[in-house]
Amino acid sequence: MAWDFSTEPEFQQKLDWMHEFVREEIWPIETVFEELGQDGFERAIAPLREQVKERGLWAAHLPPDLGGQGFGQVKLGLMHEILGSSPFAPNAFGNQAPDSGNSEILALAGTDEQKERWLHPLLNGDLKSAFSMTEPETAGSDPTQLRTSAQRDGDTWVINGHKWFSTNGSIADFLIVMAVTDPDARPHQRASMFIVPVDTPGVRIVRDVPTMEHPYDSFGKLGNHAEIVYEDVRVGPEALLGEVGAGFLIAQHRLGPGRIHHCMRWLGVSRRAFDMLCERATYREAQGSVLAEKQTVQNWIADSAAQMQAARLMTLHAAWRMDTEGASAARTDISLIKFYGAQVLHDVVDRALQIHGSLGYSTDLPLEAMYRYARAARFYDGPDEVHRQSVARQVLRGYEPPADGIPREHVPTRREEARRRFAEILEAVTAND
Ligand SMILES: Cc1cc2nc3c(=O)[nH]c(=O)nc-3n(C[C@H](O)[C@H](O)[C@H](O)COP(=O)(O)OP(=O)(O)OC[C@H]3O[C@@H](n4cnc5c(N)ncnc54)[C@H](O)[C@@H]3O)c2cc1C
């Protein structure tokens with residue numbers, strides 16, 4: 001009997017340490033992040049990174065030969081659940097998006113020279129990166145429509161295009177740019193990835209796009225999303241990542257584990273919101289009783305607990321499948337958790353915000369920020385609708401229309417069949433009547 005929901009005691013000790021460390025050392029940074037600014041933040045986080053490295057938990061998503069732990073997705077998932085509780089925790093553990101995904105791309109597709117020049121400094125925290133794929137003019141949910149092009153000119157490539165929502169683009173040292181290298185190839189073989197240093201002539205970081213998450217104009221801050229114009233950006237052959245036309249293939253490898261980590265981080269956020277929801281229920285009084293005694297509030301608590309448990313088991317199961325059967329086998333499971341996990345995050349945060357009334361809506365609690373963060377989860381790394389469509393298509397492969405056009409469960413048809421099968425007994429029963 002192989003089903004087992006337990007965690008090895010040695011690994012549980014690591015998780016316990018992380019849990020304590022994130023709460024005690026990283027949560028306080030959240031409250032002074034704006035005052036610290038980008039430089040102050042780097043100084044505050046640097047000694048914490050050292051502690052993480054000493055514990056052997058730095059950049060754990062990478063294989064051991066690149067300084068990671070080779071933990072596999074289930075263990076990484078459990079770690080990300082803890083890291084998700086604070087937007088700054090992944091940063092202290094060397095697996096903050098988008099650097100973590102980009103380091104996976106470089107590990108997967110980079111040459112030895114590319115790893116030396118870009119991956120190692122990225123892992124040391126000496127460089128920052130961004131992933132530049134989405135364009136304002138084409139649908140990000142259908143990247144076969146990408147327009148940014150990279151054309152060969154002798155030994156070099158010339159990149160032209162317009163991107164936006166390149167997270168951390170304005171503080172990055174280099175960008176991984178997805179560009180069309182062969183518009184006539186089959187849709188998923190049209191694009192390639194290039195490493196483009198931000199100071200390459202022709203790269204213009206236009207602005208950081210104000211969003212629900214950061215509604216006011218600001219530039220050059222961690223987590224901002226940059227709009228970038230690439231105008232006759234000339235790079236050498238050493239910029240190409242992997243084979244020409246392999247852009248989508250590489251992106252697919254990166255996205256599977258990334259989605260598991262996202263979902264587990266969302267559970268970390270949900271748990272924190274849930275704790276606030278429950279705490280508030282125990283002491284706030286209205287209409288003669290504490291909120292914990294109102295049935296609506298009890299429903300919120302029970303529904304949230306059930307949804308979080310379901311999402312957690314689904315996500316860890318997807319991670320287990322990825323570890324044991326590989327990324328392709330886990331594709332549908334990953335799509336399931338991507339849209340379901342985003343919904344759970346939204347629902348739990350929304351209830352926690354609601355129970356706090358105006359306090360929940362105010363910035364005196366982190367709930368309004370969580371709410372804004374939760375909204376984006378429904379479309380980055382693929383909108384809900386696309387993942388639902390993909391799940392439904394996969395599920396429907398197991399079905400076909402009935403040959404005679406009559407539903408398989410049609411009771412009168414089945415009854416007729418059953419009457420034939422049990423004719424003798426039925427006759428005997430009727431004779432006895
Ligand atoms: C916080 C955040 C960070 C991001 N970081 C990055 C980054 O670092 N790098 C990067 O390149 N991009 C990034 N993005 C962009 C993100 O990947 C895109 O927003 C996403 O792929 C959707 O593309 P789009 O915005 O062009 O929406 P569109 O593709 O235009 O889709 C809009 C809507 O159309 C509907 N839709 C689409 N397809 C279907 C369908 N098949 N069925 C039904 N409805 C459908 C959905 O409702 C969808 O939300 C980020 C976005 C956010 C919000």
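The values are calculated or read from the model by the stated rules, or taken from the named source; none is laboratory data. Bear in mind the structure is a predicted one, so any value in this text is a computation, not a measurement. Glycine also receives a Cβ, built like all others from the backbone with ideal geometry; neighbour counts cover every protein chain displayed. Keep in mind that these areas ignore ligands, DNA and RNA; they rest on the heavy atoms of the full protein, side chains included. Shrake-Rupley method; radii C 1.70, N 1.55, O 1.52, S 1.80 Å.
Count the net charge of all other residues whose Cβ sits under 12 Å from the Cβ of Leu255, scoring Lys and Arg as +1 and Asp and Glu as -1. After counting each charged neighbour, the total is +2. Computed over the stretch 228-321, the alpha-carbon pair-distance distribution with 5 angstrom bins reads 2, 10, 13, 12, 11, 9, 8, 8, 7, 6, 5, 4, 3, 1, 0, each value a whole percent. GNM on the chain, alpha-carbon springs under 10 angstrom: the most fluctuating residue among Arg408, Arg207, Arg186 is Arg408. Highest average first, the peptides 222-231, 276-285 ordered by how many other beta carbon atoms sit within 10 Å of their residues are 222-231, 276-285. Largest mean-square fluctuation among Glu81, Glu385, Glu35, in a Gaussian network model of the chain whose springs join Cα atoms under 10 Å apart, belongs to Glu35. DSSP finds beta bridges in the chain, and of those with both partners inside it, around 85 percent are antiparallel.
Give the lysines whose C-alpha is closer than 28 Å to that of Lys163, dropping any in the same chain fewer than 8 places away, or say none. Qualifying lysines at Cα under 28 Å: Lys115, Lys128, Lys221, Lys338. Semi-axes of the equivalent ellipsoid of the chain are 42, 33, 22 Å, computed as sqrt(5λ) over the eigenvalues of the C-alpha gyration tensor in descending order.
Taking amide H as placed 1.01 Å from N in the peptide plane, the amide H of Phe131 sits under 5 Å from that of Thr167, Ile176, each at least 5 places away or on another chain.
Across the stretch 337-347, computed HN-Hα scalar couplings (Karplus, 6.51 cos²θ - 1.76 cosθ + 1.60, θ = phi - 60°) run 6, 4, 7, 5, x, 5, 5, 4, 4, 4, 5 Hz from first to last residue, x flagging Gly and Pro. The residues of the chain expose, per residue, 53 Å² of accessible area to a 1.4 Å probe.
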